[in-house]
Each structure stands twice: as C-alpha cells, then as structure tokens.
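Q: Can you keep this structure in mind? I'll have questions shortly.
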Amino acid sequence: MRIRIKYGSAVAVTTAAVLLVAACGASGKSASTASPGSGHSAAALTDDQVDSLLLTDKDQPGYYFDASLDVKSTTDSPALVTAGGSECQSFRDAENALSTKYGTTVDTLRILTANDGPGMIQDAVQVMPSTGKASALMSDLTAGLKGCRAFTETEQNQPVPITLTAISQMVGADRVGYTTNANVQGSTLVTATYVVRVGPAVVSIMEVETAKNGVIPQPQAEATLVRLSDVQVGRLKSAEGVG
C-alpha cells in the first residue's frame, strides 16, 4: 500500500510530478461525514465541503492548481519508520492524521505549484470527531519535535534519511511549525510546515523546495505559511459559523 505523504516529511517527492502522482494514487478509505453531537460544528463538515474551502491560485499569485488532483481520503495505514524510534513513528502518524489513531473523518489535500519553478505549497485540512482527538494529534506533533531529531523511512525500496527541526517562533498553543530535510535520490528536499488546530479540525500548510547543500527555507517562507494558514483557518471558521 502506498502511503500518501502529507505535512513535512515529503519522502516520496523529488519533483512536482512525483508529488502529484503520489496524491492521485493515495491509498486509504474515502472520507465520510462526522457523526453529530461532537460539540463543534466543524465535525459535521463533509469532505466536499472542506475541499471547497481549500486555497486557490488567487490566494497565492504565481501558483496554479488542478482541482481534479485534490485528495479526499483518510490515511488508514501508517508510514513505517525504520530508524528513529517510537516518538518519530508517533510524529509521522500525526503528520498523516492516521484515521485508526485519531478517528479522522475528513481529510482533504490540494497542491499549488509555482508557475516558474519546482516550488510547491500543500494545503491540507483534516477533521476529527472531537476536539480531544485533534488536540491529541497536536500533542503528538509537539512531542515528536522534542524527542525526534532524525529518522529513516523506506521509499521505493530505498532508505530515505530525514532530519526534523522545530521553528521555535511558530510553536505555541494549538500551533506548531517545523522544517524537514530529506535526502532523496541524491537531492535534498526541504519542507517548511505550519499546523494549526481549529476545534476538531487541523489545518496544515507546507512549502516544498529542492535545495542544494541542505539549505533551510528563508524566513519569508514562514511569513507565507502563516498568511496562508490564516486564510484557510478563516474560511474554516466562516463555514462553521464561528466568529
């Protein structure tokens, strides 16, 4: 079963085409509507409703997207960490909003690709059946950043070493930011990710670049992540009827 890559550890990605293929061929079950009575209106949103709220090229000029490639399915099998320990595995489970662990009911993803280069922005929204489940996911991300510095996964029968670093100024209550560096087929893939909880929902914005010598994205990337996250969170709150 091919594991879809979401959030920061873009193990399978070396080009835009590879990431889009991974999104199209994702394994998992179709996302369903959350049961009522969860205590927050976001838990009642369907995958199609959330998909209609995702970022577009109007939100990030100079980028394009293909809505037919949007992913609307939950991840039900873990990406297996072969080196790094249980905290790294728990972190990856949270990155993928693993449905068997968090009860994820809606999981949507869209890729925005730069018009003039290989850069990409991934917009993902996951909905859990309760605020408690979403909080547990955020706790696992935060704990992973404290206890997991490097891990290895296997992609296409090749070990892929990945380093993980927190962006301290983007870590706080119900929010977490981090970067990853992955050595993929001789190239260094760099990602920067910002994750925010909104009730029982989690919004994740990830920027992906191929860099030489493991260069971490420039500070302006952080501003882009926060700006786009604010847009996505605002839309989600509006759909929920929250202030």
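The values are calculated or read from the model by the stated rules, or taken from the named source; none is laboratory data. Since this is a predicted model, take the numbers as computed values, not measurements. Glycine also receives a Cβ, built like all others from the backbone with ideal geometry; neighbour counts cover every protein chain displayed.
Q: Which numbered condition in (1) surrounded by fewer than 24 Cβ atoms within 10 Å (Cβ to Cβ); (2) closer than 17 Å to Glu87 by Cα is the only one that Arg110 fails?
A: Condition not satisfied by Arg110: (2).
Q: Hey, could you check the range 137-164 for residues that are under 16 Å from the mean Cα position of the chain (by Cα) and either surrounded by fewer than 16 Cβ atoms within 10 Å (Cβ to Cβ) or among the polar types (S, T, N, Q) (or both) and say which is nearest to Thr193 (Cα to Cα)?
A: Thr142
Q: Further question on the same structure: Based on what the data block shows, is Leu19 out of contact with any Ser or Thr (no Cβ under 6 Å at 6 or more places or on another chain), at pLDDT 90 or above and farther than 24 Å from Gly103 by Cβ?
A: In short, no.
Q: Restricting attention to strands (runs of 3 or more DSSP E) lying wholly within the range 39-149, give those where 3 or more residues are among the hydrophobic types (A, V, I, L, M, F, W, C).
A: In the range 39-149, 106-114, 120-127 are the strands (runs of 3 or more DSSP E) which contain 3 or more residues that are among the hydrophobic types (A, V, I, L, M, F, W, C).
Q: Pairs under 7 Å by beta carbon, first residue more than 21 Å from Arg110 (Cβ to Cβ) in the range 39-50, partner at pLDDT below 90 and not in a loop (DSSP other than H, G, I, E, B), six or more apart or different chains?
A: Matching pairs, first to second residue: Ser41/Glu240.
Q: Can Asp140 be described as in contact with a Phe, Trp or Tyr (Cβ under 7 Å, 6 or more places away or on another chain), under 16 Å from Ala94 (Cα atoms), charged (D, E, K, R) and free of Cβ contacts under 8 Å to residues at least 60 places away in the same chain?
A: Yes: the conditions hold for Asp140.
Q: Mind listing whichever residues of the range 64-91 are among the hydrophobic types (A, V, I, L, M, F, W, C), closer than 21 Å to Val127 by Cα and buried (at least 17 other Cβ atoms within 10 Å of the Cβ)?
A: Val71, Ala79, Phe91
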